[in-house]
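Please read the structure below before turning to the comments.
The values are calculated or read from the model by the stated rules, or taken from the named source; none is laboratory data. Quick caveat, the model's predicted, so the values are computed rather than measured. Glycine also receives a Cβ, built like all others from the backbone with ideal geometry; neighbour counts cover every protein chain displayed. Quick note on the areas: whole protein, heavy atoms, side chains included, nothing else; ligands and nucleic acids left out. Shrake-Rupley method; radii C 1.70, N 1.55, O 1.52, S 1.80 Å.
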Amino acid sequence: MKRKNLIFMLALAMATDIAAQSTRELTPDALFAIADSSEESLHAKRIGVEAADKELQAAEASRLPDINVSLSASYLGNGYVWERDFSDGMAVEIPHFGANFALSVNQVIYAGGAVNNGIALTRQGKRMSELDYEKSRQQVHFRLLGDFLNLYKAQNQVGVYDENIRLTEKVVEQLAAKQAQGIVLQNALTRYELLLENMRLQRQRIANSCDIYNRQLLTALDMDSDSAASIVIAPCIPEMTPQQEVLGDVIDRAMTNSPDLQQMETLVEMGRLKERVAQADKLPRVVLFAQEHLDGPVTIEVPVLNKNFNYWAVGVGISYNLSALYKNGDKVRAARLGTLQSISQTTHVEEQLTNAVEEAYIRLQEACNEVATRTKSVELARENYRITANRYDNDLALLTDMLDASNAVLAAELELKNAHANQAFCYYKLRFVCGEL
C-alpha cells in the first residue's frame, strides 16, 4: 500500500513539473531575431553607432557660419595725460560707465578641402561603427547557433533512444514470457535487460545535456525568469535543401557582404581622407566675414566723447600657415603609409576570406552527401533488424544477432540525426563566412 502511494506521489510530481513547462518552438531565424533585441553586447554596439551618428552631425555643422556675440559693461576710471617726456601732466575726466557690443559672422568658403574631407572622415568612422555592430551581431548569431544545434541534436538523440528503449522493452517482455515457459534461458533475458539499462543511462545523460543547452540559450536570450513556469526550447530546423551554387558566385557574395572585408575597405578610404586633410593644411584658408560694433564712450579722443560709436564691416579674409610647408610633410607621409598598410591588410583579408568560403562550401557539400548516406544506412539497418527479428522468431538466428541488429539500428539513427545537425551547421557557417547570417 505504501509503495502504491509513493508511486502515485511521484507520478503526480512529474505531471505537475510537465504542466509547469512551456515548450517554445524556434527556428534559427527566430533565434537570431530574439538575440538582436536581447543580447547585451549588441546593445553596447548600438549605443556606439548612435554616438558615431551624433559625431557626424556635429562634423556636418562645421559647414555652417560661425556667429559670435559679445556684450560687456565696465566702470572706467579717470585718465591722465603727459608729454612724451612725462612732464606737464594733467587729469582727464572720463565718463565712468562704459559699454561694448560686438557681433561677428564668419563663413569659410575655402579651406583646401579640410572641412569636406573632415566630414567624410567622420562619416567613414560612423560606417566603421555600423560594420562593427554588424560583425558582432553575426558573431552572436553564430555562437548561439552552436548551442541551438547542440540542443537540436541532443533532443533528437533522446527521441531515438526513447524509440529504441520502447522496442527493447517489448523484446524484454517477450523474452520474459518465453523464459517463464522455459523456451529461452535466463542468460538471454539478462543480456537484453543489460542493454535496456545501458540505453536508459545514455538517454539520461543526453537529457541532462538538453537541460544544460536549454538553460544556456534561455540565459543568452534573456528568456530566463524566476517564474514557476520554465521554458523548453524546441529547435525547429527547416528542411535543408542547399542550392548547388557555383563556388565563384558564393565568393563574390562574400566579397560584397563580409563585414571584415568592408571594414578593411573603409580603413583604406579613411587613410586616403586623412592624407587629404593633412595636405589641406598647406593650402590657404579664405573666409567671408561681417562685423558690427557699438562702443561707448569714445575714449580715443581727448577730451573723451561721452557718446556711442557704431561701425560695421564686411569683407574677405585669407590666411596661410607658412609653417605647414615644413611641419606637415611627415604628417602627410605617415597618412600615406597608413593607407598603404590598410591596402596590404585588405589583400590579406581577401585571401583569408576566399579560403574560408571554399572550406565552408566544400564542408556543406560533404554534409549533404553524408545525410544521403546516413539515410540509406538507416533504411538498411531497419530492414536488417526486421529480417533478423523474423529469423530469431523462427529459431534461425541467435540472440547475439538480434543484439547486433538492434545496436546497428540505434547507431544508424543517431548518426543520421547528427548528420542532419551537421548539415544545418555547415549551411549556416557558410552564411556566416559570407556575412549573411
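General remarks:
- When the stretch 160-209 is limited to residues that are assigned to a helix (DSSP H, G or I) and among the β-branched types (Val, Ile, Thr), the one that is modelled with the lowest pLDDT turns out to be 171.
- Residue 325 fulfils the conditions (1) over 42 Å from the mean Cα position of the chain (by Cα); (2) modelled with pLDDT of 85 or more; (3) in a helix (DSSP H, G or I) except for a single criterion, (2).
- Sole residue being modelled with pLDDT of 85 or more, over 17 Å from residue 170 (Cα atoms) and in contact with a helix residue (DSSP H, G or I) (Cβ under 7 Å, 6 or more places away or on another chain), chosen from 415, 383: 415
- Residue 371 vs. criteria within 25 Å of residue 244 (Cβ to Cβ), under 24 Å from the mean Cα position of the chain (by Cα) and surrounded by 15 or more Cβ atoms within 10 Å (Cβ to Cβ): no
- Taken over the stretch 303-319, the criterion of being open to solvent by 90 Å² or more (accessible area, probe 1.4 Å) and modelled with pLDDT under 85 is satisfied by 303 alone.
- Qualifying residue in the stretch 149-166 (condition: polar (S, T, N, Q), surrounded by fewer than 19 Cβ atoms within 10 Å (Cβ to Cβ) and either farther than 30 Å from residue 42 by Cα or in contact (Cβ under 8 Å) with a residue 60 or more places away in the chain (or both)): no
- Residue that is most open to solvent (accessible area, probe 1.4 Å) [pool: residues in the stretch 335-366 that are closer than 16 Å to residue 427 by Cα and among the aliphatic types (A, V, I, L, M)]: 362
- Residues in the stretch 198-222 that are surrounded by fewer than 17 Cβ atoms within 10 Å (Cβ to Cβ), closer than 17 Å to residue 33 by Cα and touching a helix residue (DSSP H, G or I) at 6+ places or on another chain (Cβ under 7 Å): 222 only.
For (1) part of a loop (DSSP other than H, G, I, E, B); (2) of a type in the set (Lys, Arg), each residue gets a yes or a no:
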| residue | (1), (2) |
| --- | --- |
| 67 | no, no |
| 80 | no, no |
| 84 | yes, yes |
| 87 | yes, no |
| 95 | yes, no |
| 99 | no, no |
| 122 | no, no |
